[in-house]
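A quick write-up on the structure given underneath.
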Amino acid sequence: MKFLDHIEEWFITFLIAAATLIIFVSVAHRYACGLAIPGVQDWLLSLNFSWAQELCIIMFVWMAKFGAAYGVRTGIHVGVDVLINRLSAPNRGKFIIFGLSAGALFTGIVATLGAKFVWENGMHFAVFDLLGFHLEDLPEGPTTPDLEWPTWMVYSAIPLGSSLMCFRFLQVMLSFIRTGELPHHDHGHVDGIEEGKMPVDIDPYGMDDNLHVRDLQHPSAEDDSGEEGRS
C-alpha cells in the first residue's frame, strides 16, 4: 500500500503546486497588461489566459476528492466523538466499526452513481470510438466552455475519488479490527523531520537575560543578590 500512498500524496501535491502557479501567473499577467510598456504590453495582451480559472476550478475539485481520501487514511477529518469516548471499550469499538462501515457504504454508493453518470455523459462514446464500434445513436457528450475538454473527464473525479475514499474507509476499519487503533494526525509533526530528544541537563526555559517570566512576588535568592549588588 505504500506505493498507492505515495501516488496519492504526489498527485495532491502536484495539483496544489500547479494550481497555485497557474493562479499566480494569471493574476500577474492581468496586472502586467495594464502597464503601458511599448511592445511588451501588446505581447502580453496577445496571450490568452481565459482558460486559467476553469482549469484551476477543475484541479481544486480533483484535489478535494482525493484529499478527502487522504484525510480518511491519516485521520485528519474532524469528528464529534465526545459520547463515543465515554462508552466502554467494546461498545466504543462497535460504534467506530459502524461509523466506518457507513462511510464506506456511502462513498461506495456515490462512486457507483458517479461512474454511471460519467459513462452516460460521454465516456461511452469515447470508449466505443476508441474500440471502433458503431456510434450513430450515441451522444458525444458536452465539453467545458473554455478548455473544451469532455466533461466526463472532469467528472471522473467523483467515481475515482469516492472509490479511493471507500477503500480507505475499509482499510482503516480492518486495521482497527486487527489493532484496535485509529489513525491520528499530529498537526505539529512535519514529515521528514526527526524529533530528537532534548538532553536532560538542559533547561529549555532557562534564560540568562530578562526576557523570561519571573515570579515577582517570590523572587529567588539569585534575583535578591542581583538586586542588592545593583543597589
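Any read-out appearing in this document is the output of simple, stated calculations on the displayed coordinates, not a laboratory observation. All figures in this text were calculated on a predicted structure; none of them were measured in a lab. FYI the Cβ positions are ideal-geometry reconstructions off the backbone, even for glycines, and counts take in every protein chain you see.
Just for the stretch 23-41: of the residues that are assigned to a helix (DSSP H, G or I) and either touching a strand residue (DSSP E or B) at 6+ places or on another chain (Cβ under 7 Å) or not aliphatic (A, V, I, L, M) (or both), which one is nearest to residue 168 (Cα to Cα)?
Just the residues of the stretch 23-41 that are assigned to a helix (DSSP H, G or I), to begin with: 23-32, 40-41.
Imposing the further condition that a residue be either touching a strand residue (DSSP E or B) at 6+ places or on another chain (Cβ under 7 Å) or not aliphatic (A, V, I, L, M) (or both) reduces the set to 24, 26, 29-31, 41.
Working: 24: 33, 26: 36, 29: 41, 30: 41, 31: 43, 41: 50 Å.
Only one residue tops the list, namely 24.
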Subject >> Filter result (closer than 18 Å to residue 151 by Cβ and polar (S, T, N, Q)) within the stretch 104-123 >> reply: 121
Original post:
From the list 134, 77, which residue is farther than 30 Å from residue 23 by Cβ, in a loop (DSSP other than H, G, I, E, B) and free of Cβ contacts under 8 Å to residues at least 12 places away in the same chain?
Top reply: 134
Original post:
From the residues in the stretch 42-74 that are in contact (Cβ under 8 Å) with a residue 40 or more places away in the chain and not in a helix (DSSP H, G or I), which one is surrounded by the fewest Cβ atoms within 10 Å (Cβ to Cβ)?
Top reply: 50
**OP:** Tell me which of these residue 19 doesn't satisfy, since it passes every other one: (1) in contact with a Phe, Trp or Tyr (Cβ under 9 Å, 6 or more places away or on another chain); (2) surrounded by 14 or more Cβ atoms within 10 Å (Cβ to Cβ); (3) closer than 28 Å to residue 147 by Cβ; (4) free of Cβ contacts under 8 Å to residues at least 40 places away in the same chain.
**Re:** (4)
Original post:
Out of curiosity, is residue 73 under 30 Å from residue 154 (Cα atoms) and of a type in the set (D, E, K, R)?
Top reply: yes
Original post:
What about residue 75, is it among the small types (Gly, Ala, Ser) and in contact with a helix residue (DSSP H, G or I) (Cβ under 6 Å, 6 or more places away or on another chain)?
Top reply: no
Original post:
Only one residue in 110, 118 is over 20 Å from residue 171 (Cβ atoms) and surrounded by 14 or more Cβ atoms within 10 Å (Cβ to Cβ). Which one?
Top reply: 118
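Please enumerate the residues belonging to the stretch 80-91 that are of a type in the set (S, T, N, Q) and in a helix (DSSP H, G or I). Before you say what the answer is, go through the steps one by one.
Filtering the stretch 80-91 for residues of a type in the set (S, T, N, Q) gives 85, 88, 91.
Those that are of a type in the set (S, T, N, Q) and in a helix (DSSP H, G or I): 85, 91.
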**OP:** Scan the stretch 92-102 and give yes if some residue there is assigned to a helix (DSSP H, G or I) and surrounded by 18 or more Cβ atoms within 10 Å (Cβ to Cβ), otherwise no.
**Re:** yes
Original post:
What number goes with the only condition from (1) within 25 Å of residue 60 (Cα to Cα); (2) free of Cβ contacts under 8 Å to residues at least 60 places away in the same chain that residue 165 does not pass?
Top reply: (2)
Original post:
Taking the stretch 1-16 on its own, how many of its residues are within 21 Å of residue 55 (Cα to Cα) and in contact (Cβ under 8 Å) with a residue 60 or more places away in the chain?
Top reply: 2
